[in-house]
Amino acid sequence: MIEIRNITKSFGDKLVLSEVSGVFEKGKPNLIIGASGTGKSVLLKCIVGLIKPDHGQVFYDGRDFYESDRDTKTEVRREMGMLFQGGALFDSKTVEENVRFPLDVLTRMSRSEKMERVNFCLKRVGLENANKKMPSEISGGMKKRVGIARAIVNKPNYLFCDEPNSGLDPQTSILIDELIQDISEDLDITTIVVTHDMNSVMGIGEKIMFIYKGQNVWVGNNKDITHSGVKELDDFVFANKVMNSLRENNA
Amino acid sequence: MHSFNASMIKEIGKYFIFLGNLFINRETFKTYYKLILDECLSIGLGSLFLVALVSTFMGAVTTVQTAYNMVSDFIPNYVISQVVREMIVLELAPTIIAVIYAGKVGSSMAGGLGTMRITEQIDALEVMGINSISYLVLPKIVASILMYPLLVIIAGVCGMLGGYLAGTLTGIITPNDYVYGLRSSYNEFTVIFALIKSVVFAFLVASISSYRGYYTQGGALEVGVSTTQAVTTSVIAVLIADYLLAQLLLAK
């Protein structure tokens, strides 16, 4: 479980996040949603420690990340896996080397154990035959799947996904969403997904935090989201034409 | 002026913090060993042709120009190769090659790290709990310190060989005079001085270029800007260090 308390972050005079608090539960995808520029990705980067908040706390199963010493921070980080928006694959390494990378650097596993784990993870994301391909030779959707395989290869306790569906077609998006949901449930890990894709929200949004102008204005799930009574959230949800037509039909 | 000084001091402070981060939270020796070997191959073999070519021509031109300036018949011909030796060993091989090294290796380091930064590859390392500065930059600096002195030695040999070819093929100097000049009044400290300079320059070029690349912000255009800044700053640092070392180690 991850808990955040009063996360605040400014860049110069611009207040990007203001006193954001919340709890992200284990075993299901926790979605952070909101329009572009509302501070979702900054919040995620504050949670994983890539951007230090001006104030606020992040607890990883009770461990205060920003108050911890360097060794504890490293320990927490080695329990994390992250899927970046662009995949962030090492472009000079093959798919297999990318996925094996955390095991090479962070573990003392034998080569055969590593290969077994790498092949298991690649199979898990449906990329059994892509071991020797370079990142430049694979599609956007495949890159995301390799990113997921790399994120889970070291058996993380926390999985973070920054816009996992950006730039993907609807079918591939659904596959990626289902993969994230299955992995979260099977491995019983805390997963946080930043997205503005309504298909993802309705598909895997078991727990949703809506960020508006740097503030957490609503928390709920995909069943409640259409009748939250929060104007900003309604504007966001029903900006989608499909959602809007569903609402009109229901009305 | 005041804000320029403040930002300059801030930048220097950030550079030293960057250097301090090279040595904290390191990975295993085995991890670095492979990375250093890869960097050595890329830096050493990748620069060999350019260094040999430039230094050979530098030696040839120095020979011709020294001969052109020797107008008195009282000065023996072998002085030409003495001058060539001193110029190449003391200045041309370590310093001029350092400028070329900054252009080739420094820009490649800055460009590579800058691209890794903008494509979130450095963030990916950080999230894995890997100290990205230590993992990415330390092998580059160590490889640079190992390889650049070797390149300087090769540059020295090629420079003197270039001088020999230009001098003997054009009839400026006889082969015997050239070799005699190279060997007469030889002071081995000049070679030690050149090697000390090469270690310092290797460190400056690798660390400054890596620093510029590592802190790239923005997109592809900014990677280009970082690369240019890396070369400019490295060259300025090399020239300042060149003067300081000469003052410290050669001044009487």
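So that you can scan it fast, the table gives a plain yes or no per residue for (1) within 14 Å of chain A (Cβ to nearest Cβ); (2) touching a residue at least 40 places away in the same chain (Cβ under 8 Å); (3) more than 30 Å from residue B:86 (Cβ to Cβ); (4) among the charged types (D, E, K, R):
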| position | (1), (2), (3), (4) |
| --- | --- |
| B:3 | no, no, yes, no |
| B:9 | no, no, yes, no |
| B:27 | yes, yes, yes, yes |
| B:32 | yes, yes, yes, no |
| B:35 | yes, yes, yes, no |
| B:41 | yes, no, yes, no |
| B:50 | no, yes, no, no |
| B:59 | no, yes, no, no |
Legend entry - Conditions (1) in a loop (DSSP other than H, G, I, E, B); (2) hydroxyl-bearing (Ser, Thr, Tyr); (3) crowded, with 19+ Cβ neighbours inside 10 Å: number failed by residue B:72: (3)
Legend entry - Criterion (touching a strand residue (DSSP E or B) at 6+ places or on another chain (Cβ under 7 Å), in the same structural domain as residue A:75 (by TED's automatic domain parsing) and over 20 Å from residue A:21 (Cα atoms)) met by exactly one of A:192, A:180, A:211: A:180
Legend entry - Segments classed as strands (runs of 3 or more DSSP E), wholly inside the range A:164-224, with at least 3 members that are in contact (Cβ under 8 Å) with a residue 60 or more places away in the chain and surrounded by 16 or more Cβ atoms within 10 Å (Cβ to Cβ): A:190-195, A:207-212
Legend entry - Members of the range A:68-86 that are more than 8 Å from chain B (Cβ to nearest Cβ) and part of a loop (DSSP other than H, G, I, E, B): A:68, A:69, A:79
Legend entry - Close pairs (7 angstrom Cβ cut-off, 6 or more residues apart or separate chains): facing chain A (nearest Cβ under 7 Å) in the range B:100-128, assigned to a helix (DSSP H, G or I) anywhere: B:126/B:132; B:127/A:48; B:127/A:77; B:128/A:77; B:128/A:102; B:128/A:106
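Sort through A:70, A:63, A:111 and tell me the only one that's at pLDDT below 95, closer than 15 Å to residue A:190 by Cβ, among the basic types (Lys, Arg) and out of contact with any Leu (no Cβ under 9 Å at 6 or more places or on another chain). Even if it seems obvious, please write down each step before you answer.
Working: A:70 fails: closer than 15 Å to residue A:190 by Cβ; A:111 fails: closer than 15 Å to residue A:190 by Cβ.
Sole residue among the options that is at pLDDT below 95, closer than 15 Å to residue A:190 by Cβ, among the basic types (Lys, Arg) and out of contact with any Leu (no Cβ under 9 Å at 6 or more places or on another chain): A:63.
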Legend entry - Residue list for the range A:1-25, filter: in a loop (DSSP other than H, G, I, E, B) and over 18 Å from residue A:64 (Cα atoms): A:12, A:13
Inset, instruction - Quickly run through the range A:87-105 and pick out the residues that are surrounded by fewer than 20 Cβ atoms within 10 Å (Cβ to Cβ), facing chain B (nearest Cβ under 9 Å) and touching a residue at least 40 places away in the same chain (Cβ under 8 Å). - result: A:90, A:91
Legend entry - Test for residue A:109: is it crowded, with 20+ Cβ neighbours inside 10 Å and within 14 Å of chain B (Cβ to nearest Cβ): no
Legend entry - Output for the range B:121-175, where each listed residue is of a type in the set (Gly, Ala, Ser), within 17 Å of residue B:35 (Cβ to Cβ) and surrounded by fewer than 22 Cβ atoms within 10 Å (Cβ to Cβ): B:132, B:134
Inset, instruction - Would you confirm whether any residue within the range B:133-150 is within 14 Å of chain A (Cβ to nearest Cβ), outside any helix (DSSP H, G or I) and either among the small types (Gly, Ala, Ser) or touching a residue at least 12 places away in the same chain (Cβ under 8 Å) (or both)? - result: no
Inset, instruction - Could you tell me whether any residue of the range B:220-229 is within 19 Å of residue B:97 (Cβ to Cβ) and either touching a Lys or Arg at 6+ places or on another chain (Cβ under 7 Å) or modelled with pLDDT under 95 (or both)? - result: no
Legend entry - Residue check, residue A:104 part of a helix (DSSP H, G or I) and either among the charged types (D, E, K, R) or modelled with pLDDT of 90 or more (or both): yes
Inset, instruction - Return the residue satisfying two criteria in turn: it lies in the range A:112-138 and is without any contact (Cβ under 8 Å) to a residue 24 or more places away in the chain and over 24 Å from the mean Cα position of the chain (by Cα), and of such residues it is farthest from the other protein chains (Cβ to nearest Cβ). - result: A:129
Legend entry - Checklist (1) more than 25 Å from residue B:109 (Cα to Cα); (2) in a helix (DSSP H, G or I); (3) among the hydroxyl-bearing types (Ser, Thr, Tyr) applied to residue B:185, failing item: (2)
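Residues checked against (1) farther than 30 Å from residue B:163 by Cβ; (2) surrounded by 18 or more Cβ atoms within 10 Å (Cβ to Cβ):
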| residue | (1), (2) |
| --- | --- |
| B:7 | yes, no |
| B:18 | yes, no |
| B:24 | yes, no |
| B:33 | yes, no |
| B:38 | yes, no |
| B:47 | no, yes |
| B:65 | no, no |
| B:88 | no, yes |
| B:93 | no, yes |
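The values are calculated or read from the model by the stated rules, or taken from the named source; none is laboratory data. Bear in mind that the values here come from a model prediction, so they are computed numbers and not experimental data. Reconstructed Cβ throughout: ideal geometry from the backbone, glycine too, with neighbour counts over all protein chains shown.
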